[in-house]
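The block underneath contains the structure these notes are about, expressed in structure tokens.
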Amino acid sequence: MAIITTEWTGKEYFQITELDHIEFYVGNAKQAVHYYRSAFGMQPFAYAGPETGQKDRVSYVLKQKKIFFVITTPLSSHHPATNWLATHGDGVRDIAFKVDCAQTAHDSCVSRGAESIHPSKSWGDSDGIYQKSAIKTYGDTIHSFVERKAYNGLWAPRYVPLKLPTIHSEDPGLLLIDHIVGNVEEGKMNDWRDFYENIFGFTNFVVFDENDISTKFSALKSRVMRSKNWKVKFPINEPASGLKKSQIEEYLDFNEGPGVQHIALLTDNIIKTITALRNNGVDFLYVPETYYDGLSNRVGDIDETLAPLKELGILVDRDDEGYLLQLFSKPVEDRPTLFYEIIQRKGSIGFGQGNFQALFESIEIEQEKRGNL
Ligand code: FE2
């Protein structure tokens, strides 16, 4: 039985305000930027590269409301991101937090056992001082701590406004990052729960296991960690044994280790959002038509009419607090690794556990086609 608790038992060792951005390492940022603009409606925001004094890599910052993506490509085989890309393929390198003090956040985490990537460093220009530190999390993923309180520039030193030719894309109206999910190896989920409890002081507020989510073939276990202010929610998945390879195992094989499995983006009008994303060419998981048989018996009364939900393939789930609507994209790389979730919350604080069964069946159809089941 899935357990959801709203009780806060964590400790605020240092103030976690909210997520600052997600940084992706990709093989060709120029083309990835085009994809995120045309498919997901992200807007050009800032740029750093050789022209601005950043010699070894290019980074494009894309924005949509409170969502910031930094898309980075190394410019030589000597940059560490080149090895990272050879191992993992395009994916999430950094889940960065906005903090009050980058040094305090870093030193506080390291004092409780976190592995440092780098202590706080300062960069300055005529707009002030920007500070950043970083620690390691699962796989080759890191958490940066970004301090901007003494910085009034656009993004960070060396970044200039990003100007690109106009493209045609429908605005999906995405608002913010709702949660970011990590996949870790079998038997490691509780270690990472402990990591987020001990290092960040987060609370484990959702627990589910293979009895909640399984098909005949595969299953998963998950623990969801959150910050005190609910702005940061990190589900951690591990595979559970099934007859055949689970989707989490497939991810771990192709990503060559743990990493970010999906990023959930929040909307306040999922019908408008999915319509726009589908028109922009985003490829979503197929939802079997039978999913909608008896949906109202499963979830009760909802504000939306069934026809557009069914037409767009939107999933619905209910918990004690309310309901949610969601849909999952197919992986956005050729390796079956990172994908996106679109979510609208109508009171629910869960993650759509009731949909995972339908979802797993759909994912397995795709896995089967790849010959990985
Ligand atoms: Fe999710």
>> From Cα pairs below 8 angstrom and at least 6 apart in sequence, can you work out the relative contact order of the range 132-239, rounded to a whole percent?
In response: 24
> If ligands, DNA and RNA are left out, what is the accessible area of residue 272 with a 1.4 Å probe, given in Å² to the nearest 10?
Replying inline: 100
> Which net charge results for the neighbourhood of residue 179, defined as the other residues with beta-carbon distances under 9 angstrom from its beta-carbon, given Lys and Arg at +1 and Asp and Glu at -1?
Replying inline: 0
>> Tell me the relative contact order for the chain as a rounded percent, counting alpha carbon contacts under 8 Å between residues six or more apart.
In response: 17
> the range 112-208: which trypsin sites (Lys or Arg not before Pro) are DSSP loop and have at most 10 other beta-carbon atoms within 10 angstrom?
Replying inline: 163
> Averaged per residue, what accessible surface does the range 154-285 expose to a 1.4 Å probe, in Å²?
Replying inline: 39
> How much FRET efficiency would the formula 1/(1 + (r/R0)^6) give for residue 18 and residue 272, where r is the Cβ-Cβ distance and R0 is 25 Å, rounded to 0.05?
Replying inline: 0.55
> Suppose R0 equals 51 Å; then what is the FRET efficiency for residue 86 and residue 296 from their Cβ-Cβ distance, rounded to the nearest 0.05?
Replying inline: 0.55
> What is the gain in length, in nm to one decimal, between residue 136 and residue 186 on full extension, counting 0.36 nm per residue of separation less the C-alpha to C-alpha distance?
Replying inline: 16.0 nm
>> I want the local charge near residue 162. Using Cβ-Cβ distances under 12 Å, sum +1 for each Lys or Arg and -1 for each Asp or Glu among the other residues.
In response: +3
> Do the alpha carbons of any pairs in 132/330; 98/136; 66/221; 65/272 sit beyond 25 Å of each other, and which pairs?
Replying inline: 132/330; 66/221
> Between residue 207 and residue 253, what is the label-to-label distance in nm when each label sits 7 Å out along the Cα-to-Cβ direction?
Replying inline: 3.1
> Whose amide H sits under 5 Å from the amide H of residue 2, counting only residues 5 or more places off or on another chain, with H placed in the peptide plane?
Replying inline: none
> Residues with beta-carbon under 14 Å from that of residue 119, excluding residue 119: net charge, scoring Lys, Arg +1 and Asp, Glu -1?
Replying inline: 0
> On the accessible surface of the range 285-373, probed at 1.4 Å, how many percent belong to carbon and sulfur atoms?
Replying inline: 46
> Using a Gaussian network model of the chain with C-alpha springs under 10 Å, which one of 290, 337, 273 is most mobile by mean-square fluctuation?
Replying inline: 290
>> More than 25 angstrom separation, counting every C-alpha pair in the chain; what % is that?
In response: 55
> How far apart, in nm, are the 7 Å Cα→Cβ label points at residue 11 and residue 306?
Replying inline: 5.2
>> Please state the shape class of the range 152-304: rounded when a/c is under 1.5, otherwise prolate if a/b exceeds b/c and oblate if not, all from the C-alpha gyration tensor.
In response: oblate
>> Taking R0 as 25 Å, what FRET efficiency do you get between residue 286 and residue 372 from their Cβ-Cβ distance, rounded to the nearest 0.05?
In response: 0.90
> Could you give the accessible area per residue of the range 1-153, probe 1.4 Å, as a whole number in Å²?
Replying inline: 44
> So who's got an amide H within less than 5 Å of the one on residue 47, skipping anything under 5 residues away but keeping other chains? H placed 1.01 Å off N, in plane.
Replying inline: 61, 160, 162
> What percent does the relative contact order of the range 254-373 come to when contacts are Cα pairs within less than 8 Å and at least six residues apart?
Replying inline: 33
>> On a full-extension model of 0.36 nm per residue, what is the gain between residue 129 and residue 194, subtracting their alpha-carbon distance, rounded to one decimal in nm?
In response: 20.0 nm
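The values are calculated or read from the model by the stated rules, or taken from the named source; none is laboratory data. Keep in mind that this is a model prediction, so the values were computed, not measured. Every residue, glycine among them, receives a Cβ derived from its backbone with ideal geometry; neighbour counts consider all protein chains shown. Protein only, heavy atoms only, side chains kept; ligands, DNA and RNA dropped before computing areas. Shrake-Rupley method; radii C 1.70, N 1.55, O 1.52, S 1.80 Å.
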